[in-house]
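The values are calculated or read from the model by the stated rules, or taken from the named source; none is laboratory data. A quick note: this is a predicted structure, and the numbers were derived from the prediction, not measured. All Cβ positions, even for glycine, are placed from backbone atoms using ideal geometry, and neighbour counts span all protein chains on display. Just so you know, the surface numbers come from the protein's heavy atoms only, side chains and all, with ligands and any DNA or RNA stripped out. Shrake-Rupley method; radii C 1.70, N 1.55, O 1.52, S 1.80 Å.
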Amino acid sequence: QVQLVESGGGLVQPGGSLRLSCAASGFTFSNYAMRWYRQAPGKEREFVARISSLGDSTNYADSAKGRFTISRDNAKNTVYLQMNGLKPEDTAVYYCYAVRLTSNYWGQGTQVTVSS
């Protein structure tokens, strides 16, 4: 059974940091590129960051550049999103996504709320 389980979300003050994790099981994690998306209330889901299957290539949305870092540990079947300098507009449910060719999986999401 394929599972992507996000964790690490929560309430943080503006300027603070959070580290999201996404633990994968049920498929060959190291064969899949991984992405983080987020969805704020009333808005469409948007891309945040991606990392290649081997972790040697990353890309970020403009909103995440310079503040967020995506990484992965294929030995632990886990992808991370380190988020620094958080802003209220980063408030959203964050989802991890695994993709390889025509195969893809979504996690259930973790809530991040940035508020004073």
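Worth pointing out:
- Percent accessible area from carbon and sulfur atoms, the chain, protein chains only, probe 1.4 Å: 45 percent
- Each of GLN111 and GLU89 was given a label point 7 Å from its Cα along the Cα-to-Cβ line. The distance between the two points is 2.3 nm.
- Applying a DSSP loop filter and a limit of 10 other Cβ atoms within 10 Å to the trypsin sites (Lys or Arg not before Pro) in the stretch 1-104 leaves LYS43, LYS65.
- DSSP beta bridges in the chain [antiparallel fraction, %, rounded to 5]: 95 percent
- Using C-alpha pairs below 8 Å separated by at least 6 residues, the relative contact order for the chain is 36 percent.
- 14 Å Cα-Cα reach of LYS65 towards aspartates and glutamates, excluding residues that sit fewer than 8 places from it in its own chain: ASP90
- In plain terms, the chain from SER25 to GLU46 could stretch by 5.2 nm, reckoned as 0.36 nm per residue minus the Cα-Cα distance.
- Top of ASN59, ASN74, ASN104 by mean-square fluctuation, Gaussian network on the chain, Cα under 10 Å: ASN104
- Spherically averaged projected area of the chain from its Cα convex hull (nm²): 6.9 nm²
- Placing dummy labels 7 Å off each Cα toward the beta-carbon, the span from VAL5 to ALA61 is 2.6 nm.
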